[in-house]
Amino acid sequence: MCAMGTFTISLMYASELYPTSMGSTGTGSANAVERIGGMVCPFVAVALVEGCHTKAAIIVVEGVIAISVMCSTDPI
């Protein structure tokens, strides 16, 4: 629920901040990567947890979240 809310807010923000061609290209690219990540994540998470690498699974998820935050913030 929080991820969908975040995507909706960023979609509205990007459409108002950037020109139409840039905003739609960025939003479409982000949506494609999001869907690929949604398909790959269960395989990676299950493999790490089943191999008793719970700490590694948490670190991978936190790393992806940190990279996402860095990519989505507006550089000043």
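The values are calculated or read from the model by the stated rules, or taken from the named source; none is laboratory data. Since the model is a prediction, treat every value here as computed from it, not as a measurement. All accessible areas refer to the heavy atoms of the entire protein, side chains included, with ligands and DNA or RNA removed. Shrake-Rupley method; radii C 1.70, N 1.55, O 1.52, S 1.80 Å.
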| query | In terms of solvent-accessible area of protein heavy atoms at a 1.4 angstrom probe, what is the ranking of Cys41, Cys71, highest value first? | reply | Cys71, Cys41
| task | Specify the angular offset, from 0 to 90 degrees and rounded to the nearest 10, of the alpha carbon long axis of helix 20-50 from the longest principal axis of the alpha carbons in the chain. | result | 10 degrees
| note | From DSSP H assignment alone, runs of 4+ in the chain each adding -39500 (n - 2.57), the sum over residues rounded to the nearest 500 puts [θ] at 222 nm at -30500 deg cm²/dmol
| query | Roughly how many percent of the accessible protein surface of segment 1-63 is carbon and sulfur, given a 1.4 Å probe and a whole-percent answer? | reply | 75 percent
